[in-house]
Structures are given as C-alpha cells and as structure tokens.
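Participant: One structure, as structure tokens, below. Some questions next.
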Amino acid sequence: MRLGSFILPSAGATPEQFEQGFAGQNPIYYQKGLRDAGRLIQQLEDLGFDFIAFSEHHFHVEGLEISNNPVLLGTWAAMQTKRIRLGQMGSVLPARNPILLAEDLAMLDHFSEGRMMAGFARGYQSRHVATIGQNMNAFPTTATDPEFEEHDRINRELFTEHYTIIRKAWDNSLFSHHGEHWQIPPEGIKWDHPATMHMAPGMVGNDGMLKQVGIAPQTLQDPSTIEVFTPFTMSEDTIKWAAGEGVIPVIFTPIEEIAKGCLNLYHQAAQAAGRDIPWGRGVGHFRDIVVADTDQEAFDIAASGMGYIWNRWHHWFGFNEALRYPGETGKIPNTHETIRERGYALCGSVDTVARKLEHMIETLNTDLIVPWMGLGPASIDKLLKSNELLVEKVLPKIGIELKQFKPTLRKEFQGDLWRSA
Ligand SMILES: Cc1cc2nc3c(=O)[nH]c(=O)nc-3n(C[C@H](O)[C@H](O)[C@H](O)COP(=O)(O)O)c2cc1C
C-alpha cells in the first residue's frame, strides 16, 4: 500500500480567523501555514508516506487554498526532505503554459534529486482558469456552467494538447509541435547562430530557420518512468484518457457502486490500450483520514479541518455531488456528518478507522490512497498525532505495510547528485 498526502495548503488560521476575512493575505497566517506544513512534511517522510502533492488555486485571499504554484511549493518541500516524492494535484494544465511547466517540473526533478512526480488537473474554478488562462482561451470544467458542453470541450482539448507538449519536451532532446493551440516553434524565426548550428544540430534547418526546440535541463528521471497523476471527479473521458496514457487517476467519490464503475471503466480502457493491470490497480482514491483516541474526538478534528473547508468553500462548486448515491434525488446535506457517513471522511478511533479502511481496501482492491490533510484550520498537533496513529496502530492492525515508489534516473546520469557530492 502506498499513501500520498494531498495538501491544499490553507493559511495557518482558525475558522474564526478565516471568517474575519482576507486570511490569505495575512503574513502571520501564511508563515504559520508554512511552519505547520514543514512539520507535517517532515513527519510524513519519517512515517513512510510515498509522496506529498499540492493543489493549484489562485486569488485565494479567503485563505482556504493558497497554492498558486504547486511546483514552487514542491521545491520548498524538497529542500527539507531526502526521500519523499514531490507532486502536484494538480497543476491546472489548460491555464498553464506547457513549455514553462515542463521546464519547471524538470528543474524540480533535479533540485529533488529525482523525486518529482507530475499531477495535472483540468480546473474548475472560473476566477482562476478564465483569468489566468484568458490568452489561451481556457475555460474551467464546472458542471453548473450553462455552457458546460463547449467549455468542457475546449478545456479537455487544451488539457490533452498541453500534456502532449510536456511529453514531447521530456521524451525528446529536440521537438516541434503544430497543434490546435500551439505552434512550437512558430514559423519564420531566423536562428542561424553558428553556436547553435554546432552545438544543437537539428534545431535549425539548412535555411537558417528554427525548426525545433528543446528544454534544458531535461528531467533527471527517465521520463518513461515518471509517475503522472490526474484528479478524477466525474468525466468518463478523463478515466479513459488516463488509462490509455498510463496516467493514475485519483478518484474522488467514496460511493462504492460509483467507484467500482470507475474501476471497471479504467480496467477495460487500460486493457484496450494493452496494459495488463489487475482490477482496482493503477488508480488512487482520495479520502480524509483522521484517527484519535475516541471516535468523537476524531470527528471533531476532521470537522474543524477538511470539514470546515469543504462545507464552507468546496460545497459551492458541487463537491457534495461526489457523495450522491446512484439514483438519489434532492439536495445532499452540506454537513460533515454527510461527508463522514457516506465514507469520504474515514475518521474515528484506531479500531473504527481500521475497520473502515480494511473494508475499503478489500472492496476496491486498492494499493494507493491519497489522504487530503486539513492543514490550516485544523490543529497541527492533532493532525500529526492522527498520522502517527494511522501508520503505527491502524495499518499494522490490518496487516498493511507502506511501500514507496523507487524513481529511475536517466541511464546517462552517472556521478553524484548535487547534495550528496
Ligand atoms: C484529488 C483532486 C484534486 C484536485 N485538485 C485540483 C486543483 O488543484 N486545482 C483545480 O482547479 N482543480 C482540482 N481538482 C478538480 C479537477 O481539476 C477537475 O475539475 C475535476 O476533477 C473534474 O474533472 P473531470 O471531469 O475530468 O473528472 C481536483 C479534483 C480532485 C479529485
């Protein structure tokens, strides 16, 4: 079993302080948020978590999701750790320049000595995607959008083209791309620099025009082995795309019947793509896991952390739809009880969580769980104790050992890594 932690992060403030407003711009809360995140990341490395992954959201003056740049946060975390991998869940690809993102991820891979993993999301917050992505004509994918069909189509078109460009940049020394949204390089760039002609043969044509480009540095890891993740909430096309590409979807819904449907779809699409993987594998599951000495104490910690953020902020984007039973009509109650009773928040005493986790692992045959940690509004000391109880009491109780993905560096890399020389 692998555990990877999803960290928004939020400002280091209490729900009462958030309600006073502009918590995201309060330097005291941001510094406290970094301090708490630093303690958490160190603990997760020591406990054997496989990775941490940051979200991408912008303009968060409310302070609930202050993660403008998950690759930069990954670099910050890399400098404090040695083994845990650094991911994003995810960089919002339709509104990101794919060349700059391919370069930044390659640099994170070198800074972290080969511990980068990549996560790409489609993006659902309009104030972020439509503002930052306006020059790419990017739109969020939001089920409540009156023009959902067309906007979702463009969102997915940009997502897949940007992913293709990132792959080309990682998988090839030099590459060109001529797609719907990007011309790389554009026609008509004269670049008959003698040094380039000599040092980068193939970049410039005999006519002195730029034909290809390449990123430098490239990834430290062998790009064919880099793990790529994508959040999945509702679109079957995302699961099929991920299965075809060998990308790991992180499934949101805890509703067994729906989750099993997603696993069937992924398994069939993976087999159709010639990938022979057992049912239930190749995917991750998103959950909030809080362990405490008593069920009630755990419920309270979870409600004060992830519960506060979800019920105060995410419900507005339709997150409660991920908790809807098949065929269920009517409004889903926007309460932490709902999140807990419908199985997204696995919280309670050691025995309670062990029972719930064992059932989930058996039912979904999963080997990868991504706990969303309510860092910020929840007490950091209670979250740290919860993680300790999870790894040192709960997992042994159900016979689970934590595993970690082993990165593979490029075969041409010999010598010392920058920190170990
Ligand atoms: C685990 C997880 C993490 C997510 N992280 C982000 C994020 O960082 N930024 C964002 O805009 N959307 C994020 N989303 C939402 C996705 O971008 C996307 O809107 C949603 O998954 C719907 O896409 P789908 O129709 O392809 O399933 C996340 C969703 C999940 C399940």
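The values are calculated or read from the model by the stated rules, or taken from the named source; none is laboratory data. The model shown is predicted, which means the values in this text are computed figures rather than measured ones. Cβ: placed from backbone, ideal geometry, glycine included. Neighbour counts: every protein chain shown. Accessible surface is based on the protein model in full, side chains and every heavy atom, while ligands, DNA and RNA are left aside. Shrake-Rupley method; radii C 1.70, N 1.55, O 1.52, S 1.80 Å.
Participant: What single numbered condition from (1) within 16 Å of the ligand (Cβ to nearest atom); (2) more than 24 Å from Trp316 (Cβ to Cβ) fails to hold for Arg156?
Facilitator: (2)
Participant: What residue, among those in region 84-97 that are open to solvent by 10 Å² or more (accessible area, probe 1.4 Å) and touching a strand residue (DSSP E or B) at 6+ places or on another chain (Cβ under 9 Å), is farthest from Val250 (Cα to Cα)?
Facilitator: Among them, the one singled out is Arg96.
Participant: Still on this structure, I have one more. Could you run through region 101-151 and say how many residues are among the charged types (D, E, K, R) and surrounded by 20 or more Cβ atoms within 10 Å (Cβ to Cβ)?
Facilitator: 4
Participant: What residue, among those in region 333-373 that are touching an Asp or Glu at 6+ places or on another chain (Cβ under 7 Å), under 23 Å from Tyr124 (Cβ atoms) and not aromatic (Phe, Trp, Tyr), is nearest to the ligand (Cβ to nearest atom)?
Facilitator: Pro371
Participant: Output the residue which, of all residues in region 239-249 that are within 11 Å of the ligand (Cβ to nearest atom) and open to solvent by less than 10 Å² (accessible area, probe 1.4 Å), is nearest to the chain's Cα centre (by Cα).
Facilitator: Residue satisfying both the conditions and the ranking: Pro249.
Participant: Here are some conditions: (1) within 16 Å of the ligand (Cβ to nearest atom); (2) at pLDDT 95 or above. Pro9 meets all but one. Which one does it not meet?
Facilitator: (2)
Participant: Could I ask something else about it? Output the residues belonging to region 320-347 that are surrounded by fewer than 17 Cβ atoms within 10 Å (Cβ to Cβ) and small (Gly, Ala, Ser).
Facilitator: Once the filter is applied, which keeps residues that are surrounded by fewer than 17 Cβ atoms within 10 Å (Cβ to Cβ) and small (Gly, Ala, Ser), region 320-347 yields Gly327, Gly330.
Participant: Tell me, yes or no, whether region 274-288 has at least one residue that is within 14 Å of the ligand (Cβ to nearest atom), of a type in the set (D, E, K, R), surrounded by fewer than 14 Cβ atoms within 10 Å (Cβ to Cβ) and under 26 Å from Pro94 (Cα atoms). It would help to see each step written out before you state the result.
Facilitator: Within region 274-288, the first condition is being within 14 Å of the ligand (Cβ to nearest atom), and the residues that meet it are 283-288.
When the remaining residues are screened for being of a type in the set (D, E, K, R), the result is 287-288.
Subsequent filtering for residues that are surrounded by fewer than 14 Cβ atoms within 10 Å (Cβ to Cβ) retains none.
No: zero hits.
Participant: Looking at region 359-379, which of the residues that are in a helix (DSSP H, G or I) and among the β-branched types (Val, Ile, Thr) is nearest to Val394 (Cα to Cα)?
Facilitator: Among them, the one singled out is Ile361.
Participant: Same structure, new question: Can you name every residue in region 321-341 that is in a helix (DSSP H, G or I) and either modelled with pLDDT under 95 or at positive phi (or both)?
Facilitator: Scanning region 321-341 gives Glu321, Ala322.
Participant: Search region 186-225 for residues being crowded, with 19+ Cβ neighbours inside 10 Å and assigned to a loop (DSSP other than H, G, I, E, B), and hand back the single one that is farthest from the chain's Cα centre (by Cα).
Facilitator: Result: Met203.
Participant: Oh, and also: Looking only at region 166-216, count how many residues are small (Gly, Ala, Ser) and touching a residue at least 40 places away in the same chain (Cβ under 8 Å).
Facilitator: Counting residues in region 166-216 that are small (Gly, Ala, Ser) and touching a residue at least 40 places away in the same chain (Cβ under 8 Å) gives 3.
Participant: If you go through region 235-258 one residue at a time, do you hit one that is hydroxyl-bearing (Ser, Thr, Tyr), at pLDDT 95 or above and touching a Phe, Trp or Tyr at 6+ places or on another chain (Cβ under 7 Å)?
Facilitator: yes
Participant: Hey, another quick one. When you look at Leu265, is it open to solvent by 10 Å² or more (accessible area, probe 1.4 Å) and closer than 26 Å to Glu245 by Cα, yes or no?
Facilitator: Details: open to solvent by 10 Å² or more (accessible area, probe 1.4 Å): yes; closer than 26 Å to Glu245 by Cα: yes.
So Leu265 fits the description; yes.
Participant: Just a yes or no: is a residue in region 301-319 surrounded by fewer than 18 Cβ atoms within 10 Å (Cβ to Cβ) and β-branched (Val, Ile, Thr)?
Facilitator: Checked against the condition, which is being surrounded by fewer than 18 Cβ atoms within 10 Å (Cβ to Cβ) and β-branched (Val, Ile, Thr), region 301-319 yields no hits at all.
Participant: Could you check, for region 54-77, whether at least one of its residues is closer than 19 Å to Phe405 by Cα and part of a strand (DSSP E or B)?
Facilitator: yes
Participant: Which pairs turn up if I take residues in region 370-385 that are closer than 16 Å to Leu3 by Cα and open to solvent by 10 Å² or more (accessible area, probe 1.4 Å) and look for partners that are charged (D, E, K, R) and more than 16 Å from the ligand (Cβ to nearest atom) with beta carbon separation below 8 Å, at least 6 apart in sequence or on another chain?
Facilitator: Final answer for the pair search is Leu384/Arg39.
Participant: Any residue at all in region 155-165 that's among the hydrophobic types (A, V, I, L, M, F, W, C) and without any contact (Cβ under 8 Å) to a residue 40 or more places away in the chain? Can you show your working first?
Facilitator: Within region 155-165, the first condition is being among the hydrophobic types (A, V, I, L, M, F, W, C), and the residues that meet it are 158-159, 165.
Subset that is without any contact (Cβ under 8 Å) to a residue 40 or more places away in the chain: none.
No, region 155-165 contains no residue that is among the hydrophobic types (A, V, I, L, M, F, W, C) and without any contact (Cβ under 8 Å) to a residue 40 or more places away in the chain.
Participant: Okay, moving on. Give the residue that is surrounded by the most Cβ atoms within 10 Å (Cβ to Cβ), with candidates limited to residues of region 24-83 that are of a type in the set (S, T, N, Q) and more than 16 Å from the ligand (Cβ to nearest atom).
Facilitator: Asn26
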